[in-house]
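K.L.:
The structure is given below, and queries will be raised subsequently.
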Amino acid sequence: MKIGIFGGGMVAQSLGTKLSANGHEVMIGIRKPDAAALDQPRNGAASLKEWVTATKAKVAGLPDAARHGEILINATSGGGSIEALTTAGAAHLAGKLLIDAGNPLDFSRGAPWLLPEYSVTTSLAEEIQKAFPEVKLVKAFNTMSHALMINPASVQAPHDLMLSGNDAAAKETVKAFATREFGWQSFIDLGDLTGARAQEAYLIVWMQLWKATGTHLINIHLAK
Ligand SMILES: NC(=O)c1ccc[n+]([C@@H]2O[C@H](COP(=O)([O-])OP(=O)(O)OC[C@H]3O[C@@H](n4cnc5c(N)ncnc54)[C@H](OP(=O)(O)O)[C@@H]3O)[C@@H](O)[C@H]2O)c1
């Protein structure tokens, strides 16, 4: 399958590495895919040049990744996601499944909080869906570290992948994708895309849990 991933950081690289290893044709899309961007260190992740060498996958511009992908993944920083998707091109996104793993975090005032334009009465996912009504948007994978996304077995206890979206069939596709590609077994379906408000706000809790436990290999399990 052809998979287009927007963003060149840890999430894009982790998902891209695993999906390439699983035999998919992965293309990462960034704003300016020139030699300097490929060489640049990426916030704790490898440079994209190293990533290409390791995976044999591709890095291109945002519109090329959007055209390439049968499934698309948003792994850009939340404050830049709508700009990234606009550059990718609405026509290239239309009708496709877009998995939104982004979080609209605001680090500008010390302890992170949610960007006001993407919180309280809305969410990043809802604003993406509004801006690109023809995309089949599913919010998923944003509630855990990039390492856990692709290897749920690294937490040896039951734990859940939260997801939400307006298109029921697209959510089922994402569940099957998460199970087949990474081994996810348990899901919390938060309903339509308003559920993304909870998924994105949960990041504030997640970051406190990370601080309190000292590990990013953590997740939650819904007990009823
Ligand atoms: N790190 C994690 O473990 C983790 C876990 C769950 C969710 N998330 C969320 O997943 C997303 C990606 O996280 P990350 O840690 O991999 O990377 P990141 O450092 O947050 O940034 C990823 C990419 O966003 C792109 N970007 C930023 N502003 C942009 C704009 N205005 N237009 C187009 N592209 C823009 C940059 O691409 P260029 O190369 O084009 O500059 C950058 O490579 C974030 O929303 C994050 O909150 C992260």
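Every residue, every condition in (1) among the charged types (D, E, K, R); (2) under 22 Å from Pro133 (Cβ atoms); (3) free of Cβ contacts under 8 Å to residues at least 12 places away in the same chain, yes or no:
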residue: Thr173; (1), (2), (3): no, yes, no
residue: Glu200; (1), (2), (3): yes, yes, no
residue: Leu203; (1), (2), (3): no, no, no
residue: Gln208; (1), (2), (3): no, no, yes
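K.L.:
On to the next question. Looking at this structure, is Ala37 over 19 Å from His146 (Cα atoms) and in contact with a Pro (Cβ under 9 Å, 6 or more places away or on another chain)?
P.N.:
Against the criterion (over 19 Å from His146 (Cα atoms) and in contact with a Pro (Cβ under 9 Å, 6 or more places away or on another chain)), Ala37 does not qualify.
K.L.:
When the residues of the stretch 113-150 are narrowed to those that are β-branched (Val, Ile, Thr) and not in a strand (DSSP E or B), which ends up nearest to the ligand (Cβ to nearest atom)?
P.N.:
This residue is Thr143.
K.L.:
Among the residues of the stretch 53-67 satisfying the criterion of being away from the ligand (no atom under 14 Å from the Cβ), farther than 20 Å from Ala90 by Cβ and not polar (S, T, N, Q), which is surrounded by the fewest Cβ atoms within 10 Å (Cβ to Cβ)?
P.N.:
Lys56
K.L.:
To continue, here is another question. Keeping to the stretch 73-105, report how many residues are touching a residue at least 24 places away in the same chain (Cβ under 8 Å), under 15 Å from Glu127 (Cβ atoms) and of a type in the set (D, E, K, R).
P.N.:
1
K.L.:
Quick one: Ile30 ticks every box in (1) buried (at least 21 other Cβ atoms within 10 Å of the Cβ); (2) touching a residue at least 40 places away in the same chain (Cβ under 8 Å) except a single one, so which number is it?
P.N.:
(2)
K.L.:
From the list Glu50, Glu70, pick out the single residue that is among the charged types (D, E, K, R), free of Cβ contacts under 8 Å to residues at least 12 places away in the same chain and either away from the ligand (no atom under 14 Å from the Cβ) or in contact with a strand residue (DSSP E or B) (Cβ under 8 Å, 6 or more places away or on another chain) (or both).
P.N.:
From the options Glu50, Glu70, the qualifying one is Glu50.
K.L.:
Being touching a residue at least 12 places away in the same chain (Cβ under 8 Å), under 15 Å from His221 (Cα atoms) and crowded, with 19+ Cβ neighbours inside 10 Å, is that true of even one residue in the stretch 124-142?
P.N.:
Yes; the residues of the stretch 124-142 include at least one that is touching a residue at least 12 places away in the same chain (Cβ under 8 Å), under 15 Å from His221 (Cα atoms) and crowded, with 19+ Cβ neighbours inside 10 Å.
All of the numbers you see were taken from the coordinates with simple rules; none came from a lab. Since this is a predicted model, take the numbers as computed values, not measurements. Note that we place each Cβ from the backbone using ideal geometry, even for glycine, and neighbour counts take in every protein chain shown.
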